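Before I ask anything, here is the structure I am working with.
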Amino acid sequence: MKVAQAFIPEKIYMGRLEKGADIIASVEEFCRERKIRAAWVNIIGALERATISYYDQVKHEYFHRELNAEYEIVSCSGNVSIKEEQPFAHLHIVLSDTQYQTLGGHLWPNTTAIFAAEFVLFELKPENTAEELKRCPDTETGLALW
Ligand code: ZN
């Protein structure tokens, strides 16, 4: 294991995200307002649109698929950590369509419109307050990693 930090569970928040809002922006705003710098997030609900992505490991770039229809959020989960001194949400999502077919991928920011979404957010605090997980550019993968 290359990077790991010990965290202590703090508050667990449960709530509903605003209709029409973006999932990632909503989670990041929630964390900014409460000064949450690390968290685990789970969301279920429904979307009116979304863009899911996959990362091409050779080209080092994201490819996107825009979805403009009604979808159930079968599962959306991920984490919040610090990138450029701001809470940054990294979420993946599985959606199902009207035919119960599923699609999934890396959730792209500022592309979703929430129909309804319920979240559980587990706030985490570093065991050693001087240490926290921060995302930094990684040349080997081209991603911002811990
Ligand atoms: Zn991802």
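None of the figures in this text is laboratory data; all of them are computed from the coordinates on show. This structure is a prediction, so every number in the text was calculated from the model and none was measured. All Cβ positions, even for glycine, are placed from backbone atoms using ideal geometry, and neighbour counts span all protein chains on display.
Note the full-extension length gain between GLU18 and HIS64 as 0.36 nm times their separation in residues minus their Cα-Cα distance, in nm to one decimal.
That pair, GLU18 and HIS64, stretches by 14.1 nm at full extension.
With the crude spin-label approximation of a point 7 Å out along Cα→Cβ, what separation in nm comes out for ILE8 versus CYS136?
2.6
Right, here's the next one. Return one number: the angle in degrees, 0 to 90 and rounded to the nearest 10, between the long axis of the Cα atoms of helix 23-34 and the longest principal axis of the Cα atoms of the chain.
30
Arrange GLU18, GLU28 by Cβ neighbour counts within 10 Å, fewest through most, would you?
The most exposed by this proxy come first: GLU18, GLU28.
With n ≥ 4 as the cut-off for DSSP H runs, can you work out [θ] at 222 nm for the chain, using -39500 (n - 2.57) per run divided by the number of residues, rounded to the nearest 500?
-2500 deg cm²/dmol
Follow-up question, since we're still on this one. Can you pull the three principal axis extents for the Cα set of the chain, in Å, largest first?
Result for the chain: principal-axis Cα extents of 48, 39, 23 Å.
Still on this structure: Could you name the lysines whose alpha carbon sits less than 29 Å from that of LYS125, not counting residues in the same chain fewer than 8 places away?
Qualifying lysines at Cα under 29 Å: LYS2, LYS11, LYS35, LYS83, LYS134.
Using +1 at the Cβ of each Lys and Arg and -1 at the Cβ of each Asp and Glu in the chain, identify which of THR98, PRO109, GLN86 lies farthest towards the dipole's positive end.
Of THR98, PRO109, GLN86, it is GLN86.
Now, a different point. Pop a pseudo-label 7 angstrom from the Cα along the beta-carbon direction at both GLU118 and LYS35 and give the gap in nm to one decimal.
My value for the distance between the label points is 3.1 nm.
Magnitude of the Cβ-charge dipole of the chain, K/R +1 and D/E -1, about the Cα centre, nearest 20 debye?
It works out to roughly 240 debye.
So, one more: Estimate the FRET efficiency between ASP97 and LEU143 by the formula 1/(1 + (r/R0)^6), using the beta-carbon distance for r and 22 Å for R0, to the nearest 0.05.
E(calc), rounded to 0.05, equals 0.15.
While we're on this one: If packing is taken as the average number of other Cβ atoms within 10 Å across a peptide's residues, how do 64-77, 34-47 rank, most packed first?
Highest to lowest by the protection proxy: 34-47, 64-77.
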